[in-house]
Amino acid sequence: MKNFIYKSGMLALFAGVLLTSCDPEIDAPNPTAGEADFSKYVALGNSLTAGFADGALYLEGQQSSYPSILAQQFAQVGGGADFRQPLMPAGVSLGSPIITATGAEVPQKRILKVQPDCAGVVGLAPVEAGARAAYPAAFIGAAPTQQGPYNNMGVPGAKSFHLLAPGYGSPAGLATGTANPFFVRFATSPETSVIADAVAQNPTFFTLWIGNNDVLGYALAGGNADAPTAEKPSPNYPTNPTAFGQYIGALVQQLTAKGAKGALGNIPEVSKIPYFTTIPYNALVLTAEQAAQLTAGYAAQGMGHITFTAGANAFVVLEDGMPRKMTAGELVLLSASDLVKCQGKGSMSPLGDEYVLSTAELAIIKQHTDAYNAAIKKIADDNGLAHADFNAYLNKVSGGFTLNGVTYSSTFVTGNVFSLDGIHFTQRGAALAANEFIGSINAKYNARVPKVDETQYSTVVFP
C-alpha cells in the first residue's frame, strides 16, 4: 500500500517574518511609579519567566525574558538598576532532548535552516545551535555567569506547588525526581525553596506567573493520565483546583508579608498555542484512488467503520484500543508531525492517542484552566494585586492582530509570538507579554510605566 502524506498549509514555513516596522505605539508620558515601589523587583514563575525558548534555556532568551524587559521599564520609574538572572554561558543551551517514537534522541532546536525533512521535501526546518550535553548532566559546568541573589526566579518545568517545596534545588534530589536541575543551578542551598530564596531578597514588587505546567503536562501527554487516587498518584494529571488555589494563596501570602505589591498572571488555554494547533485534525488529503485503497485496507481488517473520501480527511486515532476518526475541534500534537508525514500514522495505521487531545480531554483541560484562573483572579483581588489576563491575551493572539504594522498570530514560525518549540515565546513575544503586565500594573497602581517597543526584539531566528 502507498504511504500517504498529510498536507497542511499551516505547516508551510515562510521566511517573511518582519523584524522591523513603522513607528511603534509607545505611550506613558511623564513616567511615574504611582502607588507601586519598583526599587526591588523579583519575578517568580516557570519556563516563560526564565526566558526559555526554542526548547532550551540559552543566553539570548534569558536576556530578553519578560522579567528582564519589565526591569528595564521599571528602571524608568525608580526601579533598581541591577536585575540579576542565572545567565547561561554564551553558546551553550540546556534543554531536555526530544525522544522520538523509534527511541532516538533528537537535540533541541534553536534556529532555522534549509534542509530536507523526513519526506525529503526541502524547506525551512529547525536545527540545533550551540553546544548541548546530556540532560540533566548538562547542568554540570553550566553554572550561572552572574552571581546571585537572582531577581529572576523562573524555573523551567515548575508547577505551582514546586515553588513552595524545600529541596527543589538539591543535587541529591535529581536522582529521585524531587529536585529540578534548572533550580539546582542557582538555589542558595540544597534545603531551600524557590519562594524562600525570593522573599529573602525583601522585594518591594513582584510578578508571579505560575500554573501553566499544572495543566500543560497533561496536554503534552495527549491526555494519557488518569485522575490520581490515594493509592496511585498521577503526575501528569492536572493539579487539583482547590489545592492549586491554596498553593497560589500561600505564595502570595509570603510575598506580600512585608507590604510588597505585585502582579499575578493567569493561565492561557493550551488549545491556543501552536504546539496543539499547527496540524489540523483533517489534514490527511487524499486522491480518490488513495481513499479507496485506505478504505479497503481497514475493511479487510474488520474495521469497515473507518472510511475515507477524496479531499481532506480526519486522521485515524487509536483510543482505548479501538481506532476511530478524529472529530472537529480535537487537536493533534506537533510531536506527531514526522509520524503522519513519513510513517503513515493516522492514515495507514492509527495515530497513538498520546499524540491527540480528544474532546473529553480538552474538556478536562478547560475545566482545570478555568478553575485555576478563577482562583488567581480572586487572590489578586483579595490582596490588592494587579491581574494580567493572559488567557484573554492568547485568545487575541489566536485570532490574529496587527500592532505597529506587524501581524501577530499563533501560527507556528511565522506568527512572530511563539518560538520553535511551539510553546514558549520568541523575544518579541516576551516583549509583548511584558507589555501585558505593564498594562495591568499601570491600571492597578495608577502608574505610568512606559511600555516597551516590541519591534526592537527579534522573532524566529533565520540564518
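Close amide H pairs (under 5 Å, H built 1.01 Å from N) link Ser170 with Asn180, residues at least 5 positions away or on another chain. Computed 3J(HN,Hα) for region 250-257, one whole-Hz value per residue from the Karplus formula 6.51 cos²θ - 1.76 cosθ + 1.60 where θ = phi - 60°, is 5, 4, 5, 4, 6, 5, 9, 4, glycine and proline marked x.
Arranged from highest to lowest average of other beta-carbon atoms within 10 Å per residue, in what order do the peptides 335-344, 45-54 appear? Kindly include the intermediate steps, with their values, before the conclusion.
Values: 335-344: 19.0, 45-54: 27.1.
Answer by packing, highest mean first, reads 45-54, 335-344.
In loop segments of region 160-268 as defined by DSSP, the trypsin sites (Lys or Arg not before Pro) with at most 10 further C-beta atoms inside 10 Å of their C-beta are Lys258.
Computed on region 335-461, with alpha-carbon pairs under 8 angstrom and 6+ residues apart, the relative contact order is 17 percent. Rounded to whole Å, give me the distance from the Cα center of region 415-463 to that of region 342-397. Answer, in whole Å: 21. The H on the amide N of Thr307, modeled in the peptide plane, is under 5 Å from the matching H of no residue at least 5 residues off or on a different chain. The figure for Asp453 is an accessible area of roughly 30 square angstrom, using a 1.4 Å probe on the protein chains alone. What region 291-448 shows is 36 Å² of accessible area per residue, with the surface traced by a 1.4 Å probe over protein heavy atoms. Shown in residue order for region 409-418 are the 3J(HN,Hα) couplings computed by the Karplus curve 6.51 cos²θ - 1.76 cosθ + 1.60 at θ = phi - 60°: 7, 8, 5, 4, 6, 8, x, 6, 9, 9 Hz (x for Gly and Pro). What part of the accessible area of region 191-320, given as a whole %, is carbon or sulfur when the probe is 1.4 angstrom? Roughly 53 percent of what the probe reaches on region 191-320 is carbon or sulfur. In this structure, the pairs whose alpha-carbon distance is over 28 Å, taken from Lys40/Lys444; Lys325/Lys377; Lys258/Lys377; Lys341/Lys396; Lys232/Lys378; Lys232/Lys272, are Lys325/Lys377; Lys341/Lys396; Lys232/Lys378; Lys232/Lys272. How much area per residue is accessible in region 174-225 when the probe is 1.4 Å and only protein heavy atoms are counted (Å²)? It amounts to 30 Å² per residue over region 174-225.
The values are calculated or read from the model by the stated rules, or taken from the named source; none is laboratory data. Predicted model, so just to flag it, every value in this text is computed and none were measured. Counting neighbours? That spans all protein chains shown, and the Cβs are built from the backbone with ideal geometry, glycine included. To get the accessible areas, we keep the full protein, side chains included, count just its heavy atoms, and leave off ligands, DNA and RNA. Shrake-Rupley method; radii C 1.70, N 1.55, O 1.52, S 1.80 Å.
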